[in-house]
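The values are calculated or read from the model by the stated rules, or taken from the named source; none is laboratory data. The shown structure was predicted, so the numbers you read here are calculated from the model rather than taken from an experiment. Cβ: placed from backbone, ideal geometry, glycine included. Neighbour counts: every protein chain shown. Areas reflect the complete protein model, heavy atoms only, side chains present, ligands, DNA and RNA absent. Shrake-Rupley method; radii C 1.70, N 1.55, O 1.52, S 1.80 Å.
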Amino acid sequence: MIQISEILNLIFDSIGLVTIVALYRIGLIPKYKYLFIGFLCVWFSSLFTVLEGFFWPVFLNFLEHFTFLLSGAFFLFGINVYFLKRREV
């Protein structure tokens, strides 16, 4: 079953991801690869949420939640690396 909120969430996540990539390329924000991978995992989670309405609902639901878990782990690791680098300076 397709829900409009899931589609809108994917659209907004896509806009956010494109914005982050553009800011990385311009150099306005630092290139923290773990935080970027975390944002990418959130985008994949939204993608899997939409796709599970079309086919393989059990498998894609698992992937949705697993990538959301990975995003949290990458965010935590990225923040940890960022603050460890700040303490050394």
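For first residues located in segment 54-82 and β-branched (Val, Ile, Thr), partners that are open to solvent by 60 Å² or more (accessible area, probe 1.4 Å) and lie 6+ apart or on another chain with Cβ distances below 6 Å form the pairs Thr67/Phe44. Considering (1) open to solvent by less than 40 Å² (accessible area, probe 1.4 Å); (2) under 19 Å from Asn61 (Cβ atoms); (3) of a type in the set (S, T, N, Q), the lone condition that Gln3 does not fulfil carries the number (1). Under 6 Å between Cβ atoms, at least 6 apart or on separate chains: pull out the pairs that start in segment 1-29 with a residue that is farther than 13 Å from Trp43 by Cα and end on any residue that is outside any helix (DSSP H, G or I) and among the hydrophobic types (A, V, I, L, M, F, W, C). As it stands, the answer is Leu23/Ile29, since those pairs meet every condition given.
Screening Lys31 against (1) charged (D, E, K, R); (2) under 30 Å from Asn80 (Cβ atoms); (3) touching a Ser or Thr at 6+ places or on another chain (Cβ under 7 Å) leaves a single unmet condition, (3).
Within segment 25-42, being assigned to a helix (DSSP H, G or I) and over 15 Å from the mean Cα position of the chain (by Cα) holds for Arg25, Ile26.
Checked against (1) touching a Gly at 6+ places or on another chain (Cβ under 9 Å); (2) open to solvent by 60 Å² or more (accessible area, probe 1.4 Å), Gly38 meets all criteria but (2). Among the residues of segment 43-64, write down those that are open to solvent by 70 Å² or more (accessible area, probe 1.4 Å) and assigned to a helix (DSSP H, G or I). If the condition is that a residue be open to solvent by 70 Å² or more (accessible area, probe 1.4 Å) and assigned to a helix (DSSP H, G or I), then Phe44, Pro57, Val58, Phe59, Phe62 are the ones that fit. Here segment 17-55 is the region considered, the condition is being β-branched (Val, Ile, Thr) and more than 30 Å from Ile4 (Cα to Cα), and the residue that is modelled with the highest pLDDT is Ile26. Among the residues here, Thr67 qualifies as part of a helix (DSSP H, G or I), open to solvent by less than 60 Å² (accessible area, probe 1.4 Å) and modelled with pLDDT of 95 or more.
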